[in-house]
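Here is the structure we will look at, set down as structure tokens.
Each reported figure results from applying straightforward, stated rules to the coordinates on display, with no laboratory input. Computed from a predicted structure; not experimentally measured. Please note: Cβ atoms are built from the backbone with ideal geometry, for glycine as well, and neighbour counts cover all protein chains shown.
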2 protein chains.
Amino acid sequence: MSLQYDEIVRGGLARQVADLIRTAILEGRLAVDERLPTEDELARRFGISRPTVREALKVLAAQNLIRSRRGPAGGTFVNRPDKDAAARTITDTATLLVGMGRFDIDEIVAARMETEALCCRLAAANRSEADLAAMADEIALLGEETLSDEDFCASDVRFHRAVVQATGNGPVQLMMHAMIESFIPITNMLIYRDHERRRTVAAHQHIRAAIAARDAETAAQLMRDHVEDMRTVLDQALARRNIDKRQGGTS
Amino acid sequence: MSLQYDEIVRGGLARQVADLIRTAILEGRLAVDERLPTEDELARRFGISRPTVREALKVLAAQNLIRSRRGPAGGTFVNRPDKDAAARTITDTATLLVGMGRFDIDEIVAARMETEALCCRLAAANRSEADLAAMADEIALLGEETLSDEDFCASDVRFHRAVVQATGNGPVQLMMHAMIESFIPITNMLIYRDHERRRTVAAHQHIRAAIAARDAETAAQLMRDHVEDMRTVLDQALARRNIDKRQGGTS
DNA sequence: ATTTTAATATTCGTCAGACCTTTTATGTTT
DNA sequence: AAACATAAAAGGTCTGACGAATATTAAAAT
């Protein structure tokens, strides 16, 4: 364990202590799963009170850097960087920006169109049989007539995630999951009519077939067309909503 | 202001309160820049103590959801979602994963190669004169013989950021900045020799020219080749480092 | 009358020490 | 040897207080 327990100079104490410990973790001076001193001990060594130590630790826990357990074998431990936890953090951050309207719909659609086309190319090169099976599952589910709108959207999301998964590329998966998830609130605005549903299922089938055939360019182009299609439906939905707003002002 | 001050059921109190407030913010029940009750008031309404309230608020502050100021006009306020703050969060998260070796170098390079090629295509379509000027600046800087290794790397990063910027697409910028930044620690391992530096400058010039000419496919291919080149140099550097490790075991 | 200065109230930031809850380890009993 | 009871360790929470920063207000000086 290597930590400096003085050097405190200016700013909120809790913040400074959090920064010190975070830096120690990021620089590897605190190993993964290593146990920090007890809160009492930290307070003593930093020369601050325990509540302040706890505020600092809460910050680090919120960033998934540490975890705490009670009991004699408990204490505060350095977390192993976890892809899933990181994915959640990135997704939440992106979702917040999208939800608060910090991006235009157009640029979101454009971003998704291009990045998912890229995923198709990578997926065509790297897909496994399991990936193809996962896509097939969602295609079958999506084809069921009795599916509710919510279940239809959820399955649609899972298909796109399956394509991302098939890229076999960790960093790409990390970023794309965030992009797809943060887009959900907008896609959920859509109300799919029957013939639109059939179009979606057909598009998914063609995309899967191209990926299965390792035809990267066809898969990418099909995905672009598919997202473009979604944009058209989305535009209509938005237009309808605006008309409704003007006519029946029931806000 | 709409907040439920009871419904506490199970789990850490601080955690629960943080979740309640976070949900209220995310659902828009607490408007941007709205002021929450004072910490004393929150403690009273939630039926908990002020230190616990503070732990909850620290968590939310760590997630950039709120800010606090002292004084009579002070208090706790809801933050406006900020692209820069979000970019920092995402970058830090990705950097942690990369730094702790949760991704293979190969998949990082592959991800960067494909995503930056994509950026070139978008940049060719959307670049402004200012974007081209920013790229030209970094090219000029990178050509200077006297540049230190650190400054060379920094300028290289800024060129790639300029390309990303030229896409004019917010979500893409968000994700790509994270990818480029998190890759820095690895690129910094490189020691560029003179002829490698010249190759880099030449590659940047060609990429910029293709983007200026709105030649998307050429720009994309040049970027792929450029990143591929970096990978080659990187592999050599890694090989050298491994040899050094075996010979001079000074750990 | 206006500007400068001082007092004051408000709110976050920190502190001290105590008690509660959970969890593990130990030791006793059967 | 297994089951149970007990104690100790550590985080989780509470109470009450004081310190520090800052906006408002009042007072004073120009």
| said: Ordered shortest first, which distances in nm separate the 7 Å Cα→C-beta label point of A:ARG214 from those of the other copies? | reply: 3.7
| field | Placed amide H near B:ILE66: partners under 5 Å, 5+ positions off or other chain | value | B:ALA61, B:ASN79
| field | Cα coordinate range in region B:13-78, projected on the principal axes (Å, largest first) | value | 27, 26, 20
| task | Specify the longest stretch of chain A that does not include any exposed loop site, a site being one of the trypsin sites (Lys or Arg not before Pro) with a non-H, G, I, E, B DSSP assignment and at most 14 other Cβ atoms within 10 Å. | result | A:71-192
| Hey, for A:ASP229 with labels 7 Å out along Cα-Cβ, what do the inter-copy distances come to in nm, ordered shortest first? | 4.1
| remark: Taking Cα atoms, the helix A:83-99 axis meets the longest principal axis of chain A at an angle in degrees (rounded to 10) of 60
| said: Suppose we take every Cα in region B:170-250 and form the convex hull; what volume per residue is that in Å³? | reply: 102
| request: At q = 0.06, 0.08, 0.13 Å⁻¹, what is the base-10 log of I(q)/I(0) for the protein assembly as shown according to the Debye formula with one equal point scatterer per Cα and no solvent? Please give it to two decimals. | output: -0.34, -0.61, -1.37
| task | Can you tell me the FRET efficiency between A:MET100 and A:ASP229 if r is taken as the Cβ-Cβ distance and R0 is 25 Å, rounded to the nearest 0.05? | result | 0.40
| note | Listed by chain and number, the aspartates and glutamates with an alpha carbon less than 13 angstrom from that of B:LYS58, same-chain partners under 8 positions apart left out, are A:GLU55, B:ASP19, B:GLU39
| remark: The helix B:50-62 Cα axis meets the longest alpha-carbon principal axis of chain B at an angle in degrees, between 0 and 90 and rounded to 10, of 20
| task | Within chain B, what's the longest run with no GluC sites (Glu not before Pro) in a DSSP loop and at most 10 other beta-carbon atoms within 10 Å? Give the range, please. | result | B:28-144
| remark: Using eta = 0.890 mPa s and T = 25 °C, Stokes-Einstein with Kirkwood Rh from Cα pairs puts D for region A:5-128, in µm² s⁻¹, at 140
| message | Taking θ = phi - 60°, what integer Hz values does the Karplus form 6.51 cos²θ - 1.76 cosθ + 1.60 yield along region A:26-40, in sequence order, with x for Gly and Pro? | response | 5, 8, x, 6, 10, 6, 4, 6, 5, 9, 6, x, 5, 4, 4
| message | For a quick size check, give me the Cα extents of region A:47-93 along its three principal axes, largest first, whole Å. | response | 36, 23, 14
| note | For A:ARG67, inter-copy label-point distances (7 Å, Cα→Cβ), nm, shortest first, read 3.4
| query | How far apart, in nm, are two points set 7 Å out from the Cα along the Cα-to-Cβ line at A:ILE243 and at A:ASP40? | reply | 7.2
| Percent of Cα-Cα distances greater than 25 Å, calculated over chain B | 56
| remark: When chain B is treated as a Gaussian network with springs between alpha carbons less than 10 Å apart, the largest mean-square fluctuation among B:PRO37, B:PRO81, B:PRO72 is found at B:PRO72
| message | Given an 8 Å cut-off on Cα distances and at least 6 residues of separation, report the relative contact order of chain A as a percent. | response | 19
